[in-house]
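Chemist: Before anything else, here's the structure in question.
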């Protein structure tokens, strides 16, 4: 009976290690693909600009003055003053310029309504790291509330610092976690 128990235990350990190794290997969460609305497009790599904004690490403790650089992309090719702000909200992946370039649904909407496009990167993903590591202590800043506060902070920043967007409406689009 002991031999059977020991073998069963070792099998369980092997299965568990295999499962967790499998999930670590494939849980990279690449950016979701956005289908092209125009299959004959030629993306304009110069249309999208990578930028950073200093965002509070903790939006809810006003005595904590730490900030981190949150990455975002901007595409204002079709912008006209007063046009809407389109924000593709990043989720559990590293963002890329292609998602707000020609051939995507959000790009087509910005073109139709003379809007400007932004793509924000979620804290702790891609190049947007609010802490030096992902220790349990530091992961307390990885929450839906902090992420939503990042977006609200970003919208406020854009409306104050981009001429012609002061009174613009905001349309947000997301996929996976950020779509919810």
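Chemist: Just to be sure I understand, how many residues within the stretch 106-128 are surrounded by 18 or more Cβ atoms within 10 Å (Cβ to Cβ) and at positive phi?
Modeler: 1
Yes or no, residue by residue, for (1) modelled with pLDDT of 95 or more; (2) surrounded by fewer than 11 Cβ atoms within 10 Å (Cβ to Cβ); (3) part of a helix (DSSP H, G or I):
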| position | (1), (2), (3) |
| --- | --- |
| 130 | yes, no, no |
| 147 | yes, no, yes |
| 153 | yes, no, yes |
| 156 | yes, yes, yes |
| 160 | yes, yes, yes |
| 165 | yes, no, no |
| 168 | yes, no, no |
| 173 | no, no, no |
| 177 | no, no, yes |
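Chemist: Inspect all residues belonging to the stretch 104-117 and state whether any of them is over 11 Å from the mean Cα position of the chain (by Cα), more than 20 Å from residue 173 (Cα to Cα) and at pLDDT below 95.
Modeler: Just the residues of the stretch 104-117 that are over 11 Å from the mean Cα position of the chain (by Cα), to begin with: 104-117.
Now restrict to residues that are more than 20 Å from residue 173 (Cα to Cα): none.
The answer is no; no qualifying residue exists.
Chemist: Could we say that residue 86 is more than 18 Å from the chain's Cα centre (by Cα) and either in the same structural domain as residue 164 (by TED's automatic domain parsing) or within 20 Å of residue 151 (Cβ to Cβ) (or both) here?
Modeler: It is false that residue 86 is more than 18 Å from the chain's Cα centre (by Cα) and either in the same structural domain as residue 164 (by TED's automatic domain parsing) or within 20 Å of residue 151 (Cβ to Cβ) (or both).
Chemist: With out of contact with any helix residue (DSSP H, G or I) (no Cβ under 9 Å at 6 or more places or on another chain), under 20 Å from residue 152 (Cβ atoms) and in the same structural domain as residue 53 (by TED's automatic domain parsing) as the only criterion, which of 119, 141 stands out?
Modeler: Exactly one of 119, 141 is out of contact with any helix residue (DSSP H, G or I) (no Cβ under 9 Å at 6 or more places or on another chain), under 20 Å from residue 152 (Cβ atoms) and in the same structural domain as residue 53 (by TED's automatic domain parsing), namely 141.
Chemist: Can you tell which of 91, 83, 103, 98 is buried (at least 16 other Cβ atoms within 10 Å of the Cβ), out of contact with any strand residue (DSSP E or B) (no Cβ under 9 Å at 6 or more places or on another chain), outside any strand (DSSP E or B) and in contact (Cβ under 8 Å) with a residue 12 or more places away in the chain?
Modeler: 103
The values are calculated or read from the model by the stated rules, or taken from the named source; none is laboratory data. These figures come from a predicted structure and were not determined experimentally. Here the Cβ is made from the backbone with ideal geometry for all residues, glycine too, and neighbour counts use every protein chain on show.
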